[in-house]
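Remarks on the structure that follows.
The values are calculated or read from the model by the stated rules, or taken from the named source; none is laboratory data. All figures in this text were calculated on a predicted structure; none of them were measured in a lab. Because the Cβ atoms are built from the backbone with ideal geometry, glycine has one as well, and the counts that use them run over all protein chains shown. SASA here: full protein model, heavy atoms, side chains in, ligands and nucleic acids out. Shrake-Rupley method; radii C 1.70, N 1.55, O 1.52, S 1.80 Å.
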Amino acid sequence: MPVLRSSDRKTNIQPPANFVGTVFSDEIVAGKSPSRMRASVVSFTPGGRTNWHTHPVGQTLYCLSGAGRIQFEGEQVQEIRAGDTVIIPPNTRHWHGAAPDKLFSHLAMSEQTDKGEGTAWFEQVSDKDYVAETAPIT
Ligand code: MN
């Protein structure tokens, strides 16, 4: 099996059309059929976050470092930290990103549909939504 060398794969800057702030992505794997596995490490600078979006077959996030935020539409913003796993159901509007004053990185794992459909992107997360008080950690 091939070994993909880190030195051969540059860090990408995420497109401003779908993200607020500076967000980096290091692809880990983009599986070839029959695999549909996709994984990348996404690193958000303080204040950086995704736009609202959905995943057709869901997404799993594993928090690697720093302090982050996730919000499912209609719910309170939740703080997430290293070691936390977030299970995002299919076709559920949400966003994720860094805390306002901390770096944050997560491993993002998802699969495309049989038709190759991936993430559906929507509008930016407003500053008001972004800085809303986070839910108590239970
Ligand atoms: Mn997501």
What lysines sit close enough to K128 to cross-link, taking a C-alpha to C-alpha distance under 21 Å and skipping anything fewer than 8 places away on the same chain?
K102
Helical mean residue ellipticity (222 nm; -39500 (n - 2.57) per DSSP H run of 4+; nearest 500) of the chain
-500 deg cm²/dmol
Can you list the aspartates and glutamates whose alpha carbon sits under 13 Å from that of K32, skipping same-chain ones fewer than 8 residues off?
E111, D114
Solution diffusion estimate, µm²/s, Stokes-Einstein, the stretch 44-104, Kirkwood Rh from C-alpha pairs, 20 °C, viscosity 1.002 mPa s
186
Using a 1.4 Å probe over the heavy atoms of the protein chains, calculate the carbon and sulfur portion of the accessible area of the chain as a whole percent.
52
Return the ratio Rg/(2.2 N^0.38 Å) for the chain, where Rg is computed over Cα atoms only.
1.03
Spherically averaged projected area of the stretch 88-138 from its Cα convex hull (nm²)
5.2
Toy charge model, Lys and Arg Cβ at +1, Asp and Glu Cβ at -1: the chain dipole around Cα centroid in debye, rounded to 20, equals 460
Give me the accessible area per residue for the chain, probe 1.4 Å, as a whole number in Å².
59
Scaled by the rule-of-thumb 2.2 N^0.38 Å, the alpha carbon Rg for the stretch 1-55 gives a ratio of 1.31
Can you give the relative contact order of the stretch 1-75 as a percent, counting alpha carbon pairs under 8 Å and 6+ residues apart?
23
